[in-house]
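> Sharing a structure, written as structure tokens. Questions coming.
The values are calculated or read from the model by the stated rules, or taken from the named source; none is laboratory data. Since the structure is predicted, the reported quantities are computational estimates derived from the model, not experimental observations. Every residue, glycine as well, gets a Cβ built from its backbone with ideal geometry; the counts of neighbours run over all protein chains shown. Note: areas computed on protein heavy atoms with side chains; ligands, DNA, RNA excluded. Shrake-Rupley method; radii C 1.70, N 1.55, O 1.52, S 1.80 Å.
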Amino acid sequence: MDRNDLIPIGEVATRSGVAASALRFYESEGLIAAERSAGGRRMFPRHVLRRVAFIRVAQRVGLSLDEIGGALSMLPADRAPTVREWTGISGTWRARIDEEITALERTRDELTSCIGCGCLSLTKCRLYNPDDRAAALGDGPRFLLGDDPDDVEGGAPRP
């Protein structure tokens, strides 16, 4: 690779909006790769800016670093991907994004039912969670996560 196509970590950080520490972390996780200058400075190929943009967008839609790494492993590491390659990889996200949208819509639509009574406590809420019966369904805000108040009966989840 031509040394003129390499840019220092500080410039990648500035241009991508990602902290240098995050870029070093991404490198340690194998998501991006750098070369070292004669003085030991990290120098990134210019096309790494697209990979970093990809990582940021993937994180924003809720993908884990493992999922992002899997997607990046299907793209060429030594050059910028083609439009066709990007289209193929982003198409694999569709179902995952649809799941995230559904979960967010459910949270939006049911949020007032969980805090609408004003008690702000599922352990005290007599309307949706008498005697904290939802605890039998698992950890977290069970009704916001998709469980139905009808799933609990007499303190135990229904089969």
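> Among (1) closer than 18 Å to I55 by Cβ; (2) at pLDDT 80 or above, there is one condition D139 misses while meeting the rest; what is its number?
Among (1) closer than 18 Å to I55 by Cβ; (2) at pLDDT 80 or above, the lone unmet condition for D139 is (1).
> Hey, another quick one. When you scan the range 86-101, do you find a residue that is at pLDDT 70 or above, of a type in the set (S, T, N, Q) and open to solvent by 70 Å² or more (accessible area, probe 1.4 Å), even just one?
Initially, the range 86-101 is screened for residues at pLDDT 70 or above, giving 86-101.
Applying the additional criterion that residues be of a type in the set (S, T, N, Q) yields 87, 90, 92.
Still in the list and also open to solvent by 70 Å² or more (accessible area, probe 1.4 Å): 87, 92.
Taking every residue of the range 86-101 in turn, at least one turns out to be at pLDDT 70 or above, of a type in the set (S, T, N, Q) and open to solvent by 70 Å² or more (accessible area, probe 1.4 Å).
> More than 25 Å from S21 (Cβ to Cβ), touching a residue at least 12 places away in the same chain (Cβ under 8 Å) and either touching a helix residue (DSSP H, G or I) at 6+ places or on another chain (Cβ under 9 Å) or open to solvent by less than 50 Å² (accessible area, probe 1.4 Å) (or both), is that true of R79?
Numbers: more than 25 Å from S21 (Cβ to Cβ): yes; touching a residue at least 12 places away in the same chain (Cβ under 8 Å): yes; either touching a helix residue (DSSP H, G or I) at 6+ places or on another chain (Cβ under 9 Å) or open to solvent by less than 50 Å² (accessible area, probe 1.4 Å) (or both): no.
No, not satisfied.
> Can you name the residue in the range 102-128 that is at pLDDT 65 or above and among the basic types (K, R) and, of all such residues, is most open to solvent (accessible area, probe 1.4 Å)?
R108
> If you don't mind, another one. Does G39 meet the test of being assigned to a loop (DSSP other than H, G, I, E, B) and at positive phi?
Numbers: assigned to a loop (DSSP other than H, G, I, E, B): yes; at positive phi: no.
No: the conditions fail for G39.
> Can you pull out every residue in the range 1-36 that is of a type in the set (A, V, I, L, M) and in a helix (DSSP H, G or I)?
Going residue by residue through the range 1-36, those that are of a type in the set (A, V, I, L, M) are 1, 6-7, 9, 12-13, 18-20, 22-23, 31-34.
Matches in the range 1-36: I9, V12, A13, A20, A22, L23.
> OK, next. Here are some conditions: (1) under 30 Å from D148 (Cα atoms); (2) out of contact with any helix residue (DSSP H, G or I) (no Cβ under 6 Å at 6 or more places or on another chain). V61 meets all but one. Which one does it not meet?
With respect to (1) under 30 Å from D148 (Cα atoms); (2) out of contact with any helix residue (DSSP H, G or I) (no Cβ under 6 Å at 6 or more places or on another chain), V61 is out only on (2).
> Keeping to the range 14-36, report how many residues are open to solvent by 20 Å² or more (accessible area, probe 1.4 Å), free of Cβ contacts under 8 Å to residues at least 24 places away in the same chain and not acidic (D, E).
9
> Could you check how many residues of the range 129-151 are among the hydrophobic types (A, V, I, L, M, F, W, C), assigned to a loop (DSSP other than H, G, I, E, B) and open to solvent by 40 Å² or more (accessible area, probe 1.4 Å)?
Going residue by residue through the range 129-151, those that are among the hydrophobic types (A, V, I, L, M, F, W, C) are 134-137, 143-145.
If we keep only those that are assigned to a loop (DSSP other than H, G, I, E, B) too, we end up with 143-145.
Next, from what is left, pick out any that are open to solvent by 40 Å² or more (accessible area, probe 1.4 Å): 145.
Count: 1.
> Within the range 37-60, which residues are of a type in the set (A, V, I, L, M) and open to solvent by 20 Å² or more (accessible area, probe 1.4 Å)? Break it down into steps so the answer makes sense when it comes.
First pass over the range 37-60, keeping only residues of a type in the set (A, V, I, L, M): 38, 43, 48-49, 52-53, 55, 57-58.
A38, M43, L49, A53, V57, listed by residue number.
> Across the range 60-96, what is the number of residues that are closer than 22 Å to P45 by Cα, in a helix (DSSP H, G or I) and charged (D, E, K, R)?
2
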